[in-house]
Amino acid sequence: MTGSPSTQEPIQTDMVIIGAGPIGLFAVFEAGLLGLKCHLVDNLDKIGGQCAELYPEKPIFDIPAVPRCTGQELIDRLLEQAKPFEPVFHLDQQASALQRLEDGKWRLETTAGTVFETPNVVIAAGAGSFVPRRLPLPGAEDFEGKSLYYAVRRMEDFRGRHLLIAGGGDSALDWLLNLEPLTASIGILHRRDEFRAAPDSVQRMRELVESGRARLLLGQVAGLEGTGGQLEAVRISTPDGEIRHECDALLALFGLKMELGPIAEWGLNIERNLIHVDTETFETNQPGLFAIGDIITYPGKLKLILSGFHEAALMCQKAFKNAHPDQRLVFRYTTSSSDLHKKLGVA
Amino acid sequence: MAKLKVTDRDGVQHELEGEIGWSVMEIIREADLPIEAACGGCCACATCHVYVDAGTLAKLPPADADENMMLDEGFEVRDNSRLSCQIKFSEELDGIEVELAPEY
Ligand SMILES: Cc1cc2nc3c(=O)[nH]c(=O)nc-3n(C[C@H](O)[C@H](O)[C@H](O)COP(=O)(O)OP(=O)(O)OC[C@H]3O[C@@H](n4cnc5c(N)ncnc54)[C@H](O)[C@@H]3O)c2cc1C
Ligand code: FES
C-alpha cells in the first residue's frame with residue numbers, strides 16, 4: 001500500500017466512496033436517507049465517471065422513468081438529487097492506501113495526502129481509475145517523468161525545452177497554446193491534418209504554425225531516442241516514411257484509460273479485475289469494505305447503471321448498522337416519511 | 001454460417017463463427033479474445049482497433065468522421081486501421097481477416 005505520508009488531520013465521516021461515477025453519486029443519496037454523511041474520492045478532475053468522461057453527450061435510454069438523457073445530464077441530475085446530503089468531493093486524487101484501525105474503522109489515504117477515518121469504505125470504482133494512456137513502446141518507461149510526460153503537472157517543467165506534443169484533441173492544442181511562450185521550441189504531432197478540438201484553438205494553432213513559432217508534423221510516434229531517461233529525438237512514421245525529430249521533451253496526449261490500480265493490493269477477492277461481493281449486503285470479503293457498480297461481479301451481474309443503483313441501496317442498509325450498531329433501522333418511503341422529508345429539506 | 005479470421009497479438013489466427021448483425025468487436029469479444037473495447041462499441045475509445053486485410057477493406061464502407069476522430073487516439077494507426085465496433089458483420093463479409101492492433 002503506497003501513498004505519501006500525510007500531514008493532515010484525518011477526516012471523520014460515516015462513509016467514504018471511492019469513485020464519483022453515477023453509482024457512487026446515487027450511493028450518496030441512499031446513504032443520506034439513512035442519515036449517513038459521505039465523502040467521495042476520484043482520480044478524475046471532474047465528477048461523473050464514465051458518463052462524464054467517455055460519453056457526456058451521448059444519450060442513455062434505459063434509466064427507469066427517464067426515457068432519454070445524455071451522460072452529462074444523468075450526472076447533473078444525480079448531483080441535484082444528492083445535494084441535500086452535502087457530499088464532499090476530493091477530486092484529482094487516487095485512493096491509495098487502506099488500513100484497518102484497532103477500533104475496527106478504516107483509515108483511507110489518497111495520493112494527495114487526504115486521510116479519512118470511517119466505518120464504511122465503498123468501492124464504486126467502475127473499471128478502475130482513469131489514467132493517461134501510455135506509449136506502448138519498448139523502453140518508454142525509462143523516459144517517463146524526465147522527458148516523456150502524459151500530463152502537465154507543472155508548466156515550469158517545460159520552460160526552455162524543445163517540446164513535442166503528440167495528440168490532436170483539445171488538451172493537445174490547449175497545452176500547445178499555453179506552453180508555447182515558455183518553451184525554446186514547440187511542435188505538435190498529429191496523425192492527420194484535421195483536429196477534433198475547439199475551432200478557436202485550431203485557428204490559433206494554425207497562426208502559430210504560420211508565423212513559424214510552432215511546427216506541425218503529420219505522423220505518429222514510432223520510437224524514442226536518448227540515454228539515461230533524457231530524450232534526444234522522436235522517430236516519427238509519416239506517409240512518406242520515417243523521420244527523426246530532435247526534441248528533449250515529449251508530451252503524449254492519447255486520452256485516458258481505466259486501470260484497477262491500488263485496489264488490487266487490498267486483499268480483496270478479485271477475479272478478472274472484478275470484486276466478488278455478498279449480494280445481500282454488497283460487502284466484500286472484509287467487513288465494512290463494500291463494492292458496488294461496474295467493479296463487482298456476482299452470478300447474473302449486469303454492468304448497467306440501474307443495477308448499480310439497486311446495489312447502492314442494499315449496501316447502505318449494512319453500512320448503517322456499521323456506523324450505528326446500537327440503532328435500529330426502520331423501513332420508510334420518501335413519499336410519506338416526515339423524517340425523510342426533513343433530511344431531504346422538503347419538510 | 002459466415003466466418004471471420006482474427007489474428008491475435010501473438011500472431012495466432014482464430015477462425016470465428018460470425019453472428020450476422022453483431023459488430024466485429026462483439027464477435028471478437030464474445031470469443032474471449034483480448035480486445036478491450038472500453039466503451040462497449042460507442043465509438044468513444046479506440047480500444048477495439050484492428051487492421052483489416054486489403055480485400056476486406058474494399059468491402060467496407062469508409063470510416064466516417066466519428067470513427068476517424070477516435071482513430072486519432074489509437075496507436076500505430078495504419079491505412080488499413082478500423083474500429084471493429086463500427087464494422088457490422090454480414091453475409092457479404094464472410095471470410096474477412098482482421099488483426100488486433102497493439103494494446104496501450
Ligand atoms: C460509451 C458508453 C455508453 C454506455 N451506455 C450505457 C447505457 O446506455 N445504460 C447503462 O446502464 N450503462 C451504460 N454504460 C455503462 C455505464 O456508464 C457504467 O455502468 C457506469 O458508468 C458505472 O458506474 P460506476 O459508478 O460503477 O463506475 P464509473 O462510471 O466507471 O466511475 C468510476 C470512477 O471511479 C474512479 N476511481 C476508480 N478507482 C479509483 C481510485 N483508486 N481512486 C480514486 N478514484 C478512483 C474512476 O476515476 C471513475 O471516475 C455505458 C458506458 C459507456 C462507456
Ligand atoms: S469499442 Fe470503443 S470505439 Fe469501439
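The values are calculated or read from the model by the stated rules, or taken from the named source; none is laboratory data. Since we're looking at a predicted model, the values are computed, not measured. Note that we place each Cβ from the backbone using ideal geometry, even for glycine, and neighbour counts take in every protein chain shown. Ligands, DNA and RNA are stripped out before the accessible areas are found, and what is left, the full protein with its side chains, is counted by its heavy atoms. Shrake-Rupley method; radii C 1.70, N 1.55, O 1.52, S 1.80 Å.
Show me the ranking of peptides A:184-193, A:294-303, B:94-103 by mean Cβ neighbours inside 10 Å, starting with the highest.
On the way: A:184-193: 19.2, A:294-303: 15.5, B:94-103: 17.6.
Packing proxy ranking, top to bottom: A:184-193, B:94-103, A:294-303.
Check A:G223: other-chain or 5+ apart residues with amide H under 5 Å from its amide H, H built from backbone geometry? Excluding prolines and chain starts, which carry no amide H, the hits are A:R235. A simple count of charges around B:T47, restricted to other residues whose Cβ falls under 10 Å of its Cβ and scoring Lys, Arg +1 and Asp, Glu -1, yields -1. Of all the options A:V277, A:V115, A:V152, the one that moves most in a Gaussian network model of chain A with Cα springs shorter than 10 angstrom is A:V152.
Residues of A:250-263, mean number of Cβ from any other protein chain within 10 Å of their own Cβ, rounded to a whole number? Write down the numbers at each step before the final one.
On the way: counts 0, 0, 1, 1, 6, 10, 3, 6, 3, 0, 0, 0, 0, 0.
Rounded to a whole number, the mean comes out at 2.
The A and B chains share an interface that buries close to 1700 Å² of accessible area, total over both sides, probe 1.4 Å.
The 3J(HN,Hα) values that the Karplus relation (6.51, -1.76, 1.60; θ = phi - 60°) gives for segment A:42-58 are, in residue order, 9, 5, 6, 8, 9, 8, x, x, 4, 4, 7, 8, 9, 8, x, 9, 7 Hz. Gly and Pro appear as x. Exposed loop sites here are chymotrypsin sites (Phe, Trp or Tyr not before Pro) assigned a DSSP state other than H, G, I, E or B and surrounded by at most 16 other beta carbons within 10 Å; excluding them, the longest clear run of chain A is A:62-330. Look at the stretch B:41-47: the mean tally of other chain Cβ atoms within 10 Å of its residues' Cβ atoms is 4. Largest first, the extents of the alpha carbon coordinates of chain B on the three principal axes equal 34, 28, 24 Å. Among the residues of B:73-79, the average count of other protein chain beta-carbon atoms within 10 Å of the residue beta-carbon is 5. Taking the Cα centre of segment A:1-124 as reference, the dipole from Cβ charges on Lys and Arg (+1) and Asp and Glu (-1) amounts to some 160 debye. Over all directions, the projected convex hull of the C-alpha atoms in the protein assembly as shown averages 25.2 nm² in area. If R0 equals 60 Å, the separation of the Cβ atoms of A:D339 and A:A140 corresponds to a calculated FRET efficiency of about 0.60. Once Lys and Arg get +1 and Asp and Glu get -1 on their Cβ, which of A:L36, B:M1, A:Q220 lies farthest toward the positive end of the dipole of the protein assembly as shown? Result: A:L36, furthest along the dipole toward the positive end. Residues of segment A:184-222 that bury at least 40 Å² of accessible area when the other protein chains are present, relative to the chain alone (probe 1.4 Å, heavy atoms, ligands and nucleic acids excluded): A:R191, A:R192, A:R196, A:Q220. Distance from the Cα centre of segment A:1-72 to that of segment A:228-278, in angstrom? If we compute the Cα centre of each part, the gap is 25 Å.
For chain A, adding -39500 (n - 2.57) for each run of n ≥ 4 DSSP H residues and dividing by the number of residues yields -7000 deg cm²/dmol at 222 nm. A simple charge model with +1 on the Cβ of Lys and Arg, -1 on the Cβ of Asp and Glu and nothing else charged puts the dipole of the protein assembly as shown at about 1160 debye relative to its Cα centre. With only the Cα atoms considered, segment A:96-225 has a convex hull volume of 164 Å³ per residue.
Rounded to the nearest Hz, the phi-derived 3J(HN,Hα) couplings of segment B:13-26 under the Karplus curve 6.51 cos²θ - 1.76 cosθ + 1.60 (θ = phi - 60°) are 9, 10, 9, 10, 6, x, 6, 5, x, 7, 7, 4, 4, 5, where x marks glycine and proline. Once the gyration tensor of the Cα atoms in segment A:208-308 is diagonalised, the equivalent ellipsoid follows with semi-axes of 48, 17, 12 Å, ordered largest first. In this structure, the amide hydrogen of A:I165, modeled 1.01 Å from its nitrogen in the peptide plane, lies closer than 5 angstrom to those of A:G187, A:I188, A:L189, A:L251, counting only residues at least 5 positions away or on a different chain. For chain A, modelled as a GNM whose springs connect Cα atoms under 10 angstrom apart, the maximal fluctuation among A:V209, A:V16, A:V28 occurs at A:V209. If you run the Gaussian network model on chain A, springs between alpha carbon atoms under 10 Å, then out of A:T335, A:T114, A:T284 the most flexible one is A:T335.
If the only charges are +1 at each Lys and Arg Cβ and -1 at each Asp and Glu Cβ, what is the size of the charge dipole of chain B around the Cα centre, to the nearest 20 debye?
Working: 8 positive and 23 negative charges, 23 e Å.
With only Lys, Arg, Asp and Glu charged at Cβ, the dipole is about 120 debye.
With a cut-off of 12 Å between beta carbons, the residues surrounding A:G223 carry a summed charge of -2, where Lys and Arg count +1 and Asp and Glu -1. Once the other residues with Cβ under 13 Å from the Cβ of B:E30 are scored (Lys, Arg +1; Asp, Glu -1), what is the net sum? Summing Lys/Arg as +1 and Asp/Glu as -1 gives -3.
For B:S23, nonlocal amide neighbours, meaning residues 5 or more places apart or on other chains whose placed amide H falls under 5 Å from its own, are B:F89.
Between A:E86 and A:L101, the simple spin-label model (points 7 angstrom out along Cα→Cβ) gives 2.1 nm.
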